[in-house]
Amino acid sequence: MHLQGSVVLLTGATGGMGKAMVHELVQAGARVIMVGRDMAILQDLAQQYPGKLEALSADLTVAADRERVVARMQGCQGFNLLINAAGINHFALFDQQSEQQIVDLISVNVLASLLITRALLPLLRRAPKACVVNVGSSFGSIGYPGFAAYCASKFALRGFSEALRRELSDTHVGVLYLAPRATRTAMNSPAVAEMNAALGVTMDSPATVARALIHALKRDLQEVHLGFPEKILVRLNGLLPGVIHYALRKQLPVIRKFAETETVNVEKHS
């Protein structure tokens, strides 16, 4: 799709990945309505590109806030691109996560994205060409120890993207599922970064993900997995999951050590 002149609703705009996406979208000629919980950060971003950005403070897990966002977009001429980039993560062994952490994670990563998409689809259908982008993860295709609930949320988002794409296949609304690998954002704690370094896992910059998003949108791609060997491992896990299971089983002691360290640190500061 052509981004020049597009009107974008971007959720999760205050995160590291969201900020990078804001920059790339504006550079590509789009106007962006940024949604996030921290109005101060949103306003700081808006001042960087006068007339190109609009700040909209909202918690999309709250029905009244979703309704307010939809009401704003109803009066927004040219709206043709929804990017669901809001997300949270809790690195921990599954039985060491609290019930509230799991509820929050599923609410933000899955329910909020599904419900705002459902509400905005009628508006997207009005555009000559439109797209829904769901920002997933390599962990939406590979179940990884220490991220069980997060994997569940991203597997759900990938399945939603696939089903919705097929449901809309006879319309002019496309669906892109973008799956970054490990990325250097605040969502990944120091323990995660240290674990990735110990395991030799490469972490991309938010700018790398944002550029991949623009590339995929311009080429009307449907599903994009970032990074090597991650994109190969995704395919291999689909064909020969036992091979990936064996490899991750060998990494488990390292993963468990950092997950338990993370849990202790969280408990100390809670």
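The values are calculated or read from the model by the stated rules, or taken from the named source; none is laboratory data. Note that this is a predicted model, so its numbers are computed, not measured. Ideal geometry is used to build each Cβ from the backbone, glycine not excepted, and the neighbour counts take in all protein chains shown. With ligands, DNA and RNA removed, areas are computed over all heavy atoms of the protein, side chains included. Shrake-Rupley method; radii C 1.70, N 1.55, O 1.52, S 1.80 Å.
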Discussion item. Can you tell me, using C-alpha contacts under 8 Å and at least 6 residues apart, the relative contact order of region 178-265 as a whole percent?
Written reply: 38
Worksheet item: Looking at the chain, what % of its DSSP beta bridges pair antiparallel, to the nearest 5?
Response: 0
Item to complete: Could you work out the equivalent-ellipsoid semi-axes for the chain, taking the square root of 5 times each eigenvalue of the Cα gyration tensor, largest first, in whole Å?
Response: 31, 21, 17
Worksheet item: Can you tell me the Rg and Dmax of region 35-81, counting just the alpha carbons, in angstroms?
Response: 11.4, 30
Worksheet item: So what is the relative contact order for the chain, in percent, with contacts set as C-alpha pairs under 8 Å and at least six apart?
Response: 20
Worksheet item: residue 77 to residue 103: FRET efficiency via 1/(1 + (r/R0)^6), r the Cβ-Cβ distance, R0 30 Å, to the nearest 0.05?
Response: 0.20
Item to complete: Would you mind working out the accessible area per residue for region 130-226, using a 1.4 Å probe, and quoting it in Å²?
Response: 39
Worksheet item: Carbon and sulfur atoms: what percent of the 1.4 Å accessible area of the chain do they account for?
Response: 55
Worksheet, complete the sentence: For region 34-95, the per residue accessible area (1.4 Å probe, Å²) is 49
Worksheet entry | Label-point separation in nm, residue 193 to residue 43, each point 7 Å along Cα→Cβ | 2.9
